[in-house]
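Notes follow once the structure below has been shown.
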Amino acid sequence: MAQQRALPQSKETLLQSYNKRLKDDVKSIMDNFTEIIKTAKIEDETQVSRATQGEQDNYEMHVRAANIVRAGESLMKLVSDLKQFLILNDFPSVNEAIDQRNQQLRALQEECDRKLIALRDEISIDLYELEEEYYSSSSSLCEANDLPLCEAYWRLDLDTDSADGLSALVLASPEPSAGPLQAAAPAHSHAGGPGPGPGPTEHT
C-alpha cells in the first residue's frame, strides 16, 4: 500500500489472529514432518519386539501425516480469509484498480471513436462520388424539361410501340401500282394487232 493507515482495533485484532494461525500451521507442519523422519530411522533393539515397534511407528506416521494435512487445509482457509479481508477492507487498492480499468476503457473508447470518424469520412466521400456518377448518367436519359427518370423510360417505351405499329400498317397495305397495271393490260391486248382469235374483219 502506498499510504499507511491506522487500522481499527477490530481489524488489528483480526490481522494478529491471522498471523498467529499462520505461524501455528507452519510450525505444526514442520514438527510433524520432523517426527516422521525420526520415526523412519531404524534403532537398535529395545524392550519391545521389532514387530510391535513397527506397528507403533506406522500408527504414529499416519497420525502425524493427518496433522500435516490438517495444517495445510488450515493454511488454505487462511489464504481465503486474507483475500476476503483485502476485498472488503482494502478500499484504496480497489479504487486504484477501478481507476486503471476506467482509463483503459476510456482509451479504447477514444480509439474506436477515431476509427469511426475516419470511416464516416471515407464513406461520405465515396457516396458523393457515386451520386455524381449516378446523376451524370441519368441526365442523358431525361428530356429537355428535366423529366424524372421513370417518366423518361415510359415515354421511350411509348415511342418504340408507336413506331412498331406504323411499320405493321405499311406492310399490311397493298401496293398502289398493282391495280392500274392489271387493268391496262387487257385493254392493250384487245386494241392491238391480230391475234390468234377471230378479229373484226371476220365479223364483217
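Since every read-out is calculated from the coordinates, none of them should be taken as a lab result. Source: prediction; values computed, not measured. Neighbour counts are summed over all protein chains in view; Cβ atoms, including those assigned to glycine, are modelled from backbone coordinates with ideal geometry.
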Fill in the blank from the handout: The answer for the net charge of residues other than residue 35 whose Cβ lies under 10 angstrom from its Cβ, with Lys and Arg +1 and Asp and Glu -1, is 0
Handout entry: Charge dipole magnitude, Cβ of K and R +1, D and E -1 - the range 34-133, Cα centre, debye nearest 20
Key = 1100 debye
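Among residues other than residue 25 whose Cβ falls under 10 Å from its Cβ, what is the net charge (Lys/Arg +1, Asp/Glu -1)?
Residues near residue 25 contribute +4 overall.
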Problem - Cα-projected label distance for residue 84 with residue 37, points at 7 Å along beta-carbon direction, nm - result: 3.5 nm
Completion exercise
The extension gain from residue 76 to residue 131, computed as 0.36 nm times the residue separation minus the Cα-Cα distance, is 12.8 nm
